[in-house]
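Okay, so here's the structure we're looking at.
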Amino acid sequence: MAQRTARQWIINGVLIVVTLSFLGISIAPLIGGLFTSSSTPATSPTQNASEQERIKNQIEGFEAVLKSDPKNQTALTGIVELRNQIGDTKGTIEPLRVLADTYPDQPQYRMVLARTLIELKDIKSATEEYRKILATKPGFLPALESLVGIELSNNRPEAAIGLLQDTLKTAETANKIQANTVETASVRWILGEVYRRENRLDDAIATYDQMIKEDAKDFRPYVGKAQLRQVQGKDEEAKKLFEKSIELAPANVKDEVKRLSTINPSKQPFTTPAQPNSQPNSQPNSQPTATPKP
C-alpha cells in the first residue's frame, strides 16, 4: 500500500513536465502587456488627490467617447486600463465584454475577460467565455488549457479528457476549413499529461506513442514516455527515450529535458499526498502542469 501511494504521488507531482514550456506557447505574451493586472494596481493605494482626479477625468473622457461610439476600441481599452490602475476590477468587466464581442477575431480580449472573471470568483462565467473562444477557435491552446484546468480543479477529469478528445475528433474537419486551426500534437500532449495525472499510465503511453507515430521528431512524447518508464522501473528504456528527447529538443527547453533525465523516481525520496513537505529532498514541482492556472 505504501509503495502504491508513493508511486501515485510521484506520478501526480514529481514527474510532471512544464507543459506550457513544452507546448512552446505562453499566455503571457497574449495578455500580459495588454492591460495592467487588475490584481496589482499600477498606482499606489495612497494616490494623492490630483492623481485620483486625473484618472477620474480620463475615465469620464473615454465614457463621453463611448456615448457616441459605444464600440470605440481605444476608449474601451483605456477605461479597462484606468480602472485596473485604481483596483476597480469589477468595473472592467463590461468594457471587456464589449471588446470581446466586437473583436471576436482577437481572442486575447476574451482571455482577459475570463481571467478577470476568475479573479472575481465567477468561475461559471469564465468557463462560458473560454468555451466561446473554442467555439470559433477550437485549437486555441491557452483557452483549451485553461478550460481543462478548471475541469481538473473541480475534480472533473473525465470532462477534461472528453474536451480534449472531442477537440482531436473534430481537428481534421476544422483544419480542412482553415489550415492549422488545431495543432493536434499539442492537444495530444495535454491529453497525455492529464492521463498521467489520473494515473492512467497505459492511456498516457498510448497517447505518447500516437504522437511519435504522427511526428517522430517531436521531443515531447519521448520525455513523457521516458518518465513513465522510470516509474515502471524500466530504466534502460527510459534512458534511451531521454537520449532521443534531448537530441530532438529545441535549444530553449533542452536544459530542462536534461534536468528531468537526471531525476530517477525509483531512487528519489518521496512523500505522500497528505504530507507533501515531509521529505526535505522531495522535488518542488508538486502541482501538475496539466492543471494550469486559467
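Filter the stretch 166-195 down to the residues that are buried (at least 16 other Cβ atoms within 10 Å of the Cβ) and of a type in the set (Lys, Arg) and list them by number.
Within the stretch 166-195, just 188 meets the criteria.
Given the criteria assigned by TED's automatic domain parsing to the domain that holds residue 198, touching a residue at least 40 places away in the same chain (Cβ under 8 Å) and of a type outside the set (Val, Ile, Thr), does residue 145 qualify? Explain how you work it out, then say what you get.
On the way: assigned by TED's automatic domain parsing to the domain that holds residue 198: yes; touching a residue at least 40 places away in the same chain (Cβ under 8 Å): yes; of a type outside the set (Val, Ile, Thr): yes.
Yes; evaluated as a whole, the condition is true for this residue.
Go through the stretch 205-233 and give me each residue that's at pLDDT 95 or above and of a type in the set (A, V, I, L, M).
Of everything in the stretch 205-233, those that are at pLDDT 95 or above and of a type in the set (A, V, I, L, M) turn out to be 205, 206, 211, 212, 216.
Which of the residues spanning the stretch 199-231 are part of a loop (DSSP other than H, G, I, E, B), touching a Leu at 6+ places or on another chain (Cβ under 9 Å) and surrounded by 14 or more Cβ atoms within 10 Å (Cβ to Cβ)?
218, 219
Name the pairs whose Cβ atoms lie under 7 Å apart, with the first residue in the stretch 69-94 and within 17 Å of residue 114 (Cα to Cα) and touching a residue at least 24 places away in the same chain (Cβ under 8 Å), the second among the acidic types (Asp, Glu) and in a helix (DSSP H, G or I), and 6 or more positions between them or separate chains?
Going by the 7 Å Cβ cut-off, the qualifying pairs are 89/119.
Scan the stretch 216-243 for residues that are over 24 Å from the mean Cα position of the chain (by Cα) and in contact (Cβ under 8 Å) with a residue 24 or more places away in the chain and report the count.
5
Look through 91, 87 and report the one residue that is at positive phi and either part of a helix (DSSP H, G or I) or modelled with pLDDT under 95 (or both).
From the options 91, 87, the qualifying one is 87.
The values are calculated or read from the model by the stated rules, or taken from the named source; none is laboratory data. None of the values given here were measured: they were computed from a predicted structure. When we count neighbours, we look across all protein chains shown, and the Cβ atoms used for this are built from the backbone with ideal geometry, even at glycine.
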